[in-house]
Ligand SMILES: Nc1nc2c(c(=O)[nH]1)N[C@H]1C(S)=C(S)[C@@H](COP(=O)(O)OP(=O)(O)OC[C@H]3O[C@@H](n4cnc5c(=O)[nH]c(N)nc54)[C@H](O)[C@@H]3O)O[C@H]1N2
Ligand SMILES: Nc1nc2c(c(=O)[nH]1)N[C@H]1C(S)=C(S)[C@@H](COP(=O)(O)OP(=O)(O)OC[C@H]3O[C@@H](n4cnc5c(=O)[nH]c(N)nc54)[C@H](O)[C@@H]3O)O[C@H]1N2
Ligand SMILES: [Mo]
């Protein structure tokens, strides 16, 4: 059996180096490359069978499709692209009426090609986003810029704090390092709303009320202050220290503990953890998907700063992200001097499309499935259907089903690309599989080819792929050339100093900026006592689900001690939910509507929480985002998915 090196450039933080192996029966297995320092020889279950499960799926779209009545007919690339170019020509003088958004189907440099084309047209884009906007904005407010401790930091930490990051599901390779540190005696504390995924990684857990991390961080800071354990040298490097101390004095420990539903012993434990460092805080993104998501992150940063965790080897806050400067994606940027583009708010996109003035006539969605992944999703679907909508999409997703034209892209391992991943500091080479192993279906084109074909029709110059790739490495701080990358499979960034070790921050005055507010959590509205939460899942990547996975009703979980349980008549099958099996159908209700679900009881979950699968498809009855109201978090235009309240209803 021969092995070929390649890489997974998929929307995931781990960015694995892979070995592709062709078996005698023609199946291709992918496994983690044993020589890559971060991948360390294993990859997730989702990727092992990717060729069979995704590339060779029988329902893959393999030719352009044009809307015809309620359905579609096949078309040639010429016909489809001529049609699209014709519409764009008509809008050339009113680019505000064109909306373009490509998401991160992959992190490839070439993959982003349509940004090059639509940026040059001056098309509108989105403001805010789905993923990590509140956290990003909070980091910039506090530190002035986003810099990460090195991914190997767990190995030099004295203590580790998993603050809302489920390693097994989200980033198993960072999980490997935490397990390795634990083996050497490094203790790990986890803070989450009662999520069993943390159990293998943590010695101790603190269960928190969803959305209330700022009160827990404030309580730990207050305890450190009261016991004289704040790091005075660190405080001297902050702007806003006096105001913060006054804010802590204005709240009693009991009130803070009640706000986050954490007992005083756990608050003391957290304070001890932070003062007996260096403590490495590994922060997840869940806590920023609430109305006060930015403030939550800023309080965690403040706790790390004031306890002396920042700027020390083995300390720091890992956010998983941040530009390490080793690969540039700037090639798609519009030339200087182009007028500022119009933006529509991501978090309320459906409403914005309905009311936009001037209207949006043309929408391009690529590597993005908003009808499954954006709030108020049914409204987005309605708005897309009323416009000329192009979807670059390999499957008949909810979003593709709303399109006027569907263009089927080549996927991972079907064309060459390079990428960086958020969780490590390597540039990865995604090598296509050799044609005698697997060829892309004849009717698909890579994102890059699609954009090149469109650019030609619009009279725009378009660069060649090798030039783009070489420049993406050259314009950054590479540790090698494109040839080196092709030969070696990956390149590591040059070593970076420990962030903020010199005590100088990237803010205007060079100081760390402490958060100034501690805002109460909005109350649950009358009749909706549960938080509708949709956490990352180990076996699913966002909305990339096979339709048949959604044949049964989605299962939602609540705690056995959730107040809603007493109000439901859990018959025998409902009770069996206690052992993890779902019960009989009930309805999940929000002010936007309802959907049929089954209930399972999950001990340990916070009683306020209802956990539903994320990324389910509306057309399969799994469209939880159609129940999530359009709402922005306090910073960055982040969609506040977890700010949604809901209830369960049972038919008589
Ligand atoms: N297998 C898999 N991996 C993925 C993805 C996937 O879909 N599947 N998605 C990728 C993407 S795009 C992203 S953005 C990341 C997201 O990964 P995460 O950063 O983990 O983000 P979420 O799934 O939003 O957050 C869920 C986590 O936050 C915790 N949490 C939720 N609310 C709170 C709270 O109020 N306080 C605290 N302390 N914790 C809370 C939950 O326990 C849960 O572990 O994962 C990436 N990796
Ligand atoms: N309720 C709720 N909703 C959420 C979240 C949540 O926590 N709760 N999390 C949010 C987060 S963190 C994120 S990042 C967003 C993600 O939201 P999306 O960006 O919509 O993510 P995906 O579901 O991965 O959609 C990617 C689409 O690209 C297609 N695709 C795959 N490979 C390729 C390719 O190579 N080329 C092209 N052109 N297309 C391809 C897939 O079939 C899929 O339809 O979802 C957000 N939605
Ligand atoms: Mo994300």
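Computed from the coordinates by the stated procedures, all read-outs in this text should not be read as laboratory data. This one's a predicted model, so the numbers in the text were calculated from it and none came from an experiment. Note that each Cβ is placed from the backbone with ideal geometry, even for glycine, and that neighbours are counted across all protein chains shown.
Need one number: nm distance between label points at residue 519 and residue 227, each 7 Å from Cα along Cα→Cβ, rounded to one decimal.
Between residue 519 and residue 227, the simple spin-label model gives 3.1 nm.
Give or take rounding to whole Å, what are the principal axis extents of the alpha carbon atoms in the stretch 530-650, in descending order?
Ordered largest first, the stretch 530-650 gives principal extents of 45, 32, 26 Å.
Can you give me the relative contact order of the chain as a percent, contacts being Cα pairs under 8 Å and 6 or more apart? Please list the in-between numbers first.
On the way: 1465 pairs, mean separation 133.5, N = 652.
Contact order relative to length: 20 percent.
With each run of n ≥ 4 DSSP H residues scored as -39500 (n - 2.57), what mean residue ellipticity at 222 nm is computed for the chain after dividing by its residue count and rounding to the nearest 500 deg cm²/dmol?
Value at 222 nm, helices only: -7500 deg cm²/dmol.
Expected output is a single nm value to one decimal: the length gained when fully extending between residue 263 and residue 355, i.e. 0.36 nm times separation in residues minus the C-alpha distance. What is it?
Difference between extended and current length: 28.4 nm.
Which of 333, 508, 222 has the fewest other C-beta atoms within 10 Å, and how do the rest follow up to the most? Before the final figure, lay out each step's value.
Values: 333 13, 508 9, 222 21.
Result, fewest neighbours first: 508, 333, 222.
Rounded to two decimals, what is the ratio between the C-alpha radius of gyration of the stretch 445-539 and 2.2 N^0.38 Å? Please list the in-between numbers first.
Details: Rg = 24.1 Å, N = 95, 2.2 N^0.38 = 12.4 Å.
My calculation over the Cα atoms of the stretch 445-539 gives 1.94.
Which percent, nearest 5, of DSSP beta bridges in the chain are antiparallel?
Of the beta bridges lying entirely in the chain, close to 50 percent run antiparallel.
Fully extended, how many nm does the chain gain between residue 236 and residue 483 (0.36 nm per residue separation, minus their Cα-Cα distance)? Display every interim value, and only then the final one.
On the way: separation 247, 0.36 × 247 = 88.92 nm, distance 4.80 nm.
Taking 0.36 nm per residue and subtracting the Cα distance, the gain is 84.1 nm.
Give me the distance between the Cα centres of the stretch 96-159 and the stretch 238-283, rounded to whole Å.
30
Within a 10 angstrom radius of the beta carbon, how do 306, 12 rank from fewest other beta carbons to most?
Ranked by crowding around the Cβ, least crowded first: 12, 306.
Quick check on the stretch 301-413: take the gyration tensor over C-alpha atoms, sort the square-rooted eigenvalues as a ≥ b ≥ c, and tell me if it's rounded (a/c under 1.5), prolate or oblate.
prolate
Please give, to one decimal in nm, the separation of the simple spin-label points placed at residue 509 and residue 619, each 7 Å out from Cα toward the Cβ.
Inter-label distance under the simple model: 5.5 nm.
Looking at the P(r) of the chain, how many percent of alpha-carbon pairs lie beyond 34 Å?
It works out to 46 percent of all Cα pairs.
How long are the semi-axes of the equivalent ellipsoid of the stretch 368-491, defined as square roots of 5 times the Cα gyration tensor eigenvalues? Whole Å, largest first.
Numbers: eigenvalues 195, 63, 53 Å².
Value: 31, 18, 16 Å, ordered largest first.
Taking 2.2 N^0.38 Å as the expected size of a compact globular protein, what ratio does the Cα radius of gyration of the stretch 208-339 give against it, to two decimals?
Cα-based Rg divided by the globular estimate yields 1.24.
Please determine, in degrees from 0 to 90 and to the nearest 10, the orientation of helix 172-183 with respect to the longest principal axis defined by the Cα atoms of the chain, where the helix direction is its Cα long axis.
Once rounded, the angle reads 30 degrees.
Just want the ordering: 115, 649, from fewest to most Cβ atoms lying within 10 Å of their own Cβ.
Ranking 115, 649 by Cβ neighbours within 10 Å, fewest first, gives 649, 115.
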